[in-house]
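In what follows, a structure is listed as structure tokens, so that the remarks can point back to it.
The values are calculated or read from the model by the stated rules, or taken from the named source; none is laboratory data. No experiment lies behind these values; they were computed from the predicted model shown. Ideal geometry is used to build each Cβ from the backbone, glycine not excepted, and the neighbour counts take in all protein chains shown.
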Amino acid sequence: MNKTKRKIFEASMKLFAEKGYDATSIEEITATVGVAKGTLYYHFSSKEEIFNFLVEEGVKLLKNSIEIKTQKLDKTMDKLRAIILIEIKVMLKYEDFMTILLSQIWGNEPRNNICQKYVFEYEQIVEKIVKEGIKKGEIIDGNPEIIATEIFGVIWSSLAYKIKIGSKMDIKQLFVEYEKTILRGLQK
């Protein structure tokens with residue numbers, strides 16, 4: 001991604017997270033970036049395209065992180081630990097992205113459907129790991145789809161917790177708590 005496109009991407013992400021998609025105008029994005037509308041339209045055909053690109057790239061980052069970290073691990077619990085730690089770290093590092101994704105997942109508009117699609121694709125990666133763990137007898141028997149959704153819920157709850165405490169979170173402490181409550185419940 002070139003420098004200008006990255007600036008548009010980052011400014012849009014910040015504005016969408018702070019103000020919401022509908023309340024953010026192309027004019028605000030161009031003013032924040034310091035480029036003309038023509039420059040923005042050279043890189044993106046519309047605000048909707050910016051949004052779609054943002055969601056696609058953000059979820060791709062999350063999915064790639066999970067795949068890289070889990071492919072070398074053999075045990076399901078180790079994979080699930082890695083996933084939860086990555087989710088916490090991604091939520092903290094890319095809070096604006098996660099705010100956008102989570103705020104736009106509700107509803108039936110095209111934008112909502114895109115967010116749902118990407119979240120469900122991500123959850124399928126986790127679901128596959130859960131299914132393998134059940135099949136190997138490494139974790140309890142349960143509904144892999146629900147378990148994957150619960151694990152994705154770590155992102156939601158981490159973001160809510162961060163908003164609640166209003167200060168810098170201790171990743172290790174949060175991970176330990178999730179390990180006690182979520183992962184221990186899955187162990188056989």
Original post:
Which numbered condition trips up Lys128, out of (1) free of Cβ contacts under 8 Å to residues at least 24 places away in the same chain; (2) loosely packed, with under 12 Cβ neighbours inside 10 Å?
Top reply: (2)
Subject >> Filtered residues of the stretch 162-176 (kept if assigned to a helix (DSSP H, G or I) and exposed (fewer than 14 other Cβ atoms within 10 Å of the Cβ)) >> reply: Ile163, Lys164, Ile165, Lys172, Gln173, Val176
Subject >> Test for Asn112: is it in the same structural domain as Lys180 (by TED's automatic domain parsing), free of Cβ contacts under 8 Å to residues at least 24 places away in the same chain, farther than 16 Å from Lys14 by Cα and assigned to a helix (DSSP H, G or I) >> reply: yes
Original post:
Within the stretch 71-89, is there a residue that is surrounded by fewer than 16 Cβ atoms within 10 Å (Cβ to Cβ) and under 25 Å from Asn113 (Cα atoms)?
Top reply: no
**OP:** Would you point out which residue out of Leu92, Leu80, Leu73, Leu62 is closer than 23 Å to Lys172 by Cβ and in contact with a Phe, Trp or Tyr (Cβ under 7 Å, 6 or more places away or on another chain)?
**Re:** Leu62
Original post:
Any chance the stretch 71-82 includes a residue that's more than 16 Å from Arg111 (Cα to Cα), in contact (Cβ under 8 Å) with a residue 60 or more places away in the chain, assigned to a loop (DSSP other than H, G, I, E, B) and not hydroxyl-bearing (Ser, Thr, Tyr)?
Top reply: yes
**OP:** Could you check Ala31 against (1) among the small types (Gly, Ala, Ser); (2) more than 23 Å from Met169 (Cβ to Cβ); (3) within 20 Å of the chain's Cα centre (by Cα); (4) part of a helix (DSSP H, G or I) and say which number it fails?
**Re:** (3)
